[in-house]
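Enquirer: Here you go, one structure.
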């Protein structure tokens with residue numbers, strides 16, 4: 001039977017809820033919380049039974065805890081229930097990969113926007129034409145979102161809905177110095193952008209629910225969308241999620257999106273694979289795991305032609321260093337001729353084992369390469385400023 005497995009370090013708050021500070025027993029006062037705090041930060045793994053909403057602990061990283069008092073009850077089984085789930089109580093909203101926005105028959109009743117885009121045309125016409133609905137959601141929020149996302153390609157001045165002779169509503173867009181263009185004669189890219197904006201603005205208004213109470217799932221936004229437009233669309237959603245505090249998931253086969261989020265500390269990439277009829281999901285944490293995704297997607301060297309700019313480096317570990325230095329580097333210093341030789345001096349054989357595993361070494365080193373540590377040992381400040389300015393010019 002399919003199951004979802006959760007794994008997280010045990011938060012202090014969960015310990016505080018489960019273990020009172022002091023409990024008076026027949027043996028005297030017992031400091032329950034001191035015992036419980038031995039588990040704080042330890043990894044716990046559990047599964048959730050969605051039928052009866054019960055949890056079952058699968059493993060707990062407590063093997064090295066030497067002494068556990070016999071007079072303190074074992075409450076590990078209850079820990080998952082005290083861990084706050086970020087998505088608990090949220091509304092889930094999905095935009096499916098198979099989607100479209102089409103003209104729709106006139107309807108006096110409110111029609112929900114479905115996951116495939118059905119109902120969106122009627123929703124927009126109602127917000128524009130019904131006096132009890134706020135038309136600024138379309139004329140301000142959605143229009144501003146369109147112009148932010150299409151900023152390099154087009155400027156839209158108006159969104160309108162018109163009723164034709166067959167009592168069918170259709171969305172029209174107006175650009176600077178152009179006539180109204182029906183959405184049915186526009187490309188799939190703009191329909192995808194409008195579908196996402198409808199999820200973000202129209203749906204919460206129709207359901208009278210704050211945006212921060214939603215979890216969104218956007219499926220394969222890259223379908224029929226130019227890579228540059230895709231980056232701007234997803235970056236718009238990302239920035240809005242930070243300001244409005246909602247969660248969103250992307251399902252994708254696009255290397256563009258994987259690259260866009262691979263370096264964001266507040267994003268997570270999950271690699272989903274299927275073998276022998278069994279699906280598994282692994283959180284990507286290392287450069288090598290990232291490569292595994294790109295291999296599965298059959299990413300090729302010719303795909304570089306879609307990039308805004310290219311920096312050639314000697315090897316994969318240099319890419320890790322460059323990405324890290326572009327946000328941390330300061331002033332220069334002398335370096336060891338061979339860092340591997342230096343490691344061998346400190347501990348025989350310590351450097352040799354990394355000679356063929358430079359990316360692994362790089363990933364172990366970059367967390368230590370803070371701006372403060374680098375200020376006194378590397379002369380990269382001016383050079384990295386130039387590199388960053390060039391990269392920014394590619395993306396503008």
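Every number here is computed from the coordinates shown, using simple stated rules; none is lab data. The structure presented is a predicted model; accordingly, all values stated were derived computationally and were not measured. Reconstructed Cβ throughout: ideal geometry from the backbone, glycine too, with neighbour counts over all protein chains shown.
Enquirer: If we count other beta carbons within 10 Å of each Cβ, what is the order of 238, 144, 214, fewest first?
Expert: 144, 238, 214
Enquirer: With label points built 7 Å along Cα→Cβ from the Cα atoms of residue 54 and residue 310, find their separation and express it in nm.
Expert: 5.9 nm
Enquirer: Consider a paramagnetic label point 7 Å from the Cα of residue 132 along Cα→Cβ; state which residues of the stretch 76-110 have an amide N under 14 Å from it.
Expert: The answer is 108-110, whose backbone nitrogens lie closer than 14 Å to the label point.
Enquirer: Find how much the distance from residue 176 to residue 141 grows on full extension, using 0.36 nm per residue of separation minus their present alpha carbon separation; answer in nm with one decimal.
Expert: Using 0.36 nm per residue and subtracting the Cα-Cα distance, I get 10.7 nm.
Enquirer: At residue 270 and residue 29, where each label point lies 7 Å from the Cα along Cα→Cβ, what is the point-to-point distance in nanometres?
Expert: Once both label points are built, they end up 4.6 nm from each other.
Enquirer: What ranking of 131, 254 emerges when the number of other C-beta atoms within 10 Å of each C-beta is taken as an exposure proxy, fewest first?
Expert: So the residues, fewest neighbours to most, are 131, 254.
Enquirer: Percent antiparallel among DSSP beta bridges with both residues in the stretch 93-267, to the nearest 5?
Expert: That works out to approximately 60 percent antiparallel.
Enquirer: For the peptides 258-271, 108-121, what is the packing order when you average, over each peptide's residues, the other Cβ atoms within 10 Å and list the highest mean first?
Expert: My ranking of the peptides, most packed first, is 108-121, 258-271.
Enquirer: Please sort 133-143, 162-172 by packing, taking for each peptide the average over its residues of neighbouring beta carbons within 10 angstrom, highest first.
Expert: Highest mean packing first, the order is 133-143, 162-172.
Enquirer: If we count other beta carbons within 10 Å of each Cβ, what is the order of 91, 231, fewest first?
Expert: Sorted ascending by nearby Cβ count, the order is 91, 231.
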